[in-house]
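The values are calculated or read from the model by the stated rules, or taken from the named source; none is laboratory data. Only a predicted model underlies this, so the values are computations on that prediction, with no experimental measurement involved. So basically every Cβ, Gly included, is an ideal-geometry build from the backbone, and we count neighbours across all protein chains shown. The protein model used for the area step is the full one, side chains on, heavy atoms only, and it has no ligands, DNA or RNA in it. Shrake-Rupley method; radii C 1.70, N 1.55, O 1.52, S 1.80 Å.
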Amino acid sequence: MGFDLGLPSVVLVFMMAAVFATPIWMLLPKFGMSKWWAILAVNPAFVFIFCWIFAFRDPVQTTEERA
């Protein structure tokens, strides 16, 4: 009477985590945050929070962009 996740479900979870975490991993440094926060993007609620951060926070300019 347990909750059984088969192998296809586990694979699907990892694929969805990669789909959401990879773009967030690339965007976080542009907003002055550590890339390691992208681990939280496995949870869809945190993806929503990151979208709000990206929408209302200005990207950080690097020295290369200022020149």
Report summary line: The residue that is least open to solvent (accessible area, probe 1.4 Å), considering only those in the range 42-67 that are modelled with pLDDT under 80 and of a type in the set (D, E, K, R), is 65
Requested in this report: For the range 1-54, name all the residues that are part of a loop (DSSP other than H, G, I, E, B) and not charged (D, E, K, R).
Outcome: 1, 2, 3, 5, 6, 32, 33, 34, 43
Query - Scan of the range 30-52 for residues that are in contact (Cβ under 8 Å) with a residue 24 or more places away in the chain and more than 8 Å from the chain's Cα centre (by Cα), ordered by number - result: 30, 31, 32, 44
